[in-house]
1. Given a Förster distance of 45 Å, report the FRET efficiency between residue 214 and residue 171 from their Cβ-Cβ distance, rounded to the nearest 0.05.
2. Output needed for the range 160-253: three equivalent-ellipsoid semi-axes, defined as square roots of 5 times the C-alpha gyration tensor eigenvalues, in descending order, whole Å.
3. Give me 220, 204 ranked fewest to most by other Cβ atoms within 10 Å of their Cβ, as a rough exposure proxy.
4. Between residue 198 and residue 156, with labels modelled 7 Å along Cα→Cβ, what's the label distance in nm to one decimal, could you check?
5. Sorted by average packing, counted as other Cβ atoms within 10 angstrom per residue and highest first, what order do 223-230, 207-214 take?
6. Please compute one quarter of the surface area of the Cα convex hull for the range 1-86 and express it in square nanometres.
7. Return the whole-Å distance between the Cα centroid of the range 17-78 and the Cα centroid of the range 207-255.
8. Evaluate the distance, in nm, between pseudo-label points positioned 7 Å from the Cα of residue 60 and of residue 28 along their respective Cα→Cβ axes.
């Protein structure tokens with residue numbers, strides 16, 4: 001079986017690849033692609049795989065943009081941070097889904113399911129219910145969080161979105177940092193959080209940092225087209241916007 005992985009988070013992609021190897025030595029991994037653009041380009045030069053493992057939120061947009069440009073004729077397993085109840089609202093027999101972080105036992109069941117019904121598969125983008133799934137996901141993106149419930153000692157308290165300065169990830173632990181520089185752990189990755197937060201208010205600076213727009217105190221030109229940020233409250237590490245993200249950041253800051 002030939003499998004294509006479309007996932008922009010390198011550790012998640014490598015974990016999927018390792019689980020595929022564990023499932024069967026006969027699986028051939030064709031490629032790992034991090035973006036809509038690269039996926040569309042890949043399909044123009046290669047034949048269809050037997051299966052795609054696909055993240056919904058990619059580095060340059062939602063994976064559904066791939067289906068607008070390419071007819072995907074093979075089954076798809078979504079690997080997603082979206083809520084289980086959202087994903088349970090559709091039944092498309094050419095598609096399955098796994099909630100992140102993906103567990104081997106769940107992947108194994110999905111692969112077995114796909115193999116069992118392979119002969120009945122339709123092209124993934126052709127089922128009418130697929131359009132319904134796209135609408136559900138796009139609409140769910142507009143239902144942004146207004147607060148997070150966090151633990152502090154033996155108590156649980158609510159932190160409003162407006163009180164968040166930034167969110168950081170260190171050693172696989174995500175911390176919410178408030179304007180008063182109080183820190184609280186969250187059980188989400190930064191990628192998962194970006195599906196819950198309003199992108200007009202929050203910017204994903206890097207794999208380890210998401211910032212609130214009001215936390216940006218100063219912006220300074222930096223080497224090779226990059227930007228250096230000063231945040232409030234002060235972040236204990238240097239915050240630099242890559243040259244690739246600089247135009248997006250400027251547009252976000254000036255919207």
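Read the figures in this text as sums done on the coordinates, not as results from a lab. All values reported here derive from a predicted model rather than from experimental measurement. Every residue, glycine as well, gets a Cβ built from its backbone with ideal geometry; the counts of neighbours run over all protein chains shown.
1. 0.95
2. 21, 14, 13
3. Placing the least packed residue first, the sequence is 220, 204.
4. 2.5
5. 207-214, 223-230
6. 5.7
7. 31
8. Result: 2.7 nm between the two label points.
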